[in-house]
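The next block holds one structure in the form of structure tokens; read it before the comments.
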Amino acid sequence: MKCPSCKKENSENAKFCKYCGSPIGSNFRTCPNGHNYDANLNTCPYCPSNVNELKTVLGSGNEKTVLDSYSPDSDKTIIDSSRPTIMPVNNPQNKDGGDKTVILNASKNPSVNEVPAQSPTRKLVGWLVSFDITPNGTDFRLYEGRTKIGKKSSSDVVLNYPGVSEDHALILFRDNKFVIQDLLSTNGTFVNGNNAEDKIILSENDIIKIGRINFKLKTV
């Protein structure tokens, strides 16, 4: 049996064309919308019989879908242009109304707990200054009483360098005078080139050599 649509041959008992799917024979009809249905029916069972039925199926057209209700302004990012509220600070120094931002300075605010720098228990009386340790200079403080110099970690001035003994020298400040004495060190202690085997009274700008390091005495 030849298909009336595509003109291709099908079997005698075929009801639909196996090539294009169109109905074959007089037992089927095709509605204007392309639906194939039984020829014994007056109307296509797949199409609404009238406009009202079409509205029933599809709706009246007044109902808005999710896409119909879309507004181009509905998904815009909202920028809050309101200004933040700054709480006033009760600052007696603020004479302009108290609504200005106040930066607290820890060094001037007595309400901030500060840890004061630890001051030595002895009075500072001078320094040993050297440019042999670092090019920019290194200084060690001298205080009233005894200042022990050596490689030992318990020394007041620790010099962990070649030529320095564990207990190398002792500087004593008493009665406004500096006195230095060698502590039987291996390489000795020298003041202005002189071996300090005995006690030597020091003066401002004296050069003290301990091991390979030269120091200049600076007094307060």
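The values are calculated or read from the model by the stated rules, or taken from the named source; none is laboratory data. Since the model is a prediction, treat every value here as computed from it, not as a measurement. Cβ coordinates were reconstructed from backbone atoms using ideal geometry, including for glycine residues, and neighbour counts include every protein chain displayed. Note: accessible area is taken over every heavy atom of the protein model, side chains too, but ligands, DNA and RNA are not part of it. Shrake-Rupley method; radii C 1.70, N 1.55, O 1.52, S 1.80 Å.
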Check your understanding: Given R₀ = 22 Å, FRET efficiency for R212-S153 by Cβ-Cβ distance, to 0.05?
Key -> 0.65
Review point. How large, in percent, is the carbon and sulfur part of the accessible surface of segment 161-218 at a probe radius of 1.4 Å?
Key: 45
Review point. Quick one: if you stick a label point 7 Å off each Cα along the C-beta vector at D175 and Y143, how many nm between them?
Key: 2.4
Check your understanding: Regarding segment 123-220, what whole-number volume in Å³ per residue does the convex hull of its Cα atoms give?
Key -> 90
Practice item. Within segment 128-152, find all residues whose amide N lies under 14 Å from a label point positioned 7 Å from the Cα of E166 along Cα-to-beta-carbon. Key: 150-152
Study note, to complete from the structure: Stretched fully, the stretch from C6 through Y46 gains (0.36 nm per residue minus C-alpha distance, one decimal, in nm) 12.0 nm
**Study point:** Segment D132-N187, extension gain: residue separation times 0.36 nm, minus the distance between their alpha carbons
**Key:** 18.1 nm
Review point. Between A39 and L124, what length comes free when the chain is fully extended (0.36 nm per residue of separation minus the Cα-Cα distance, one decimal in nm)?
Key: 18.4 nm
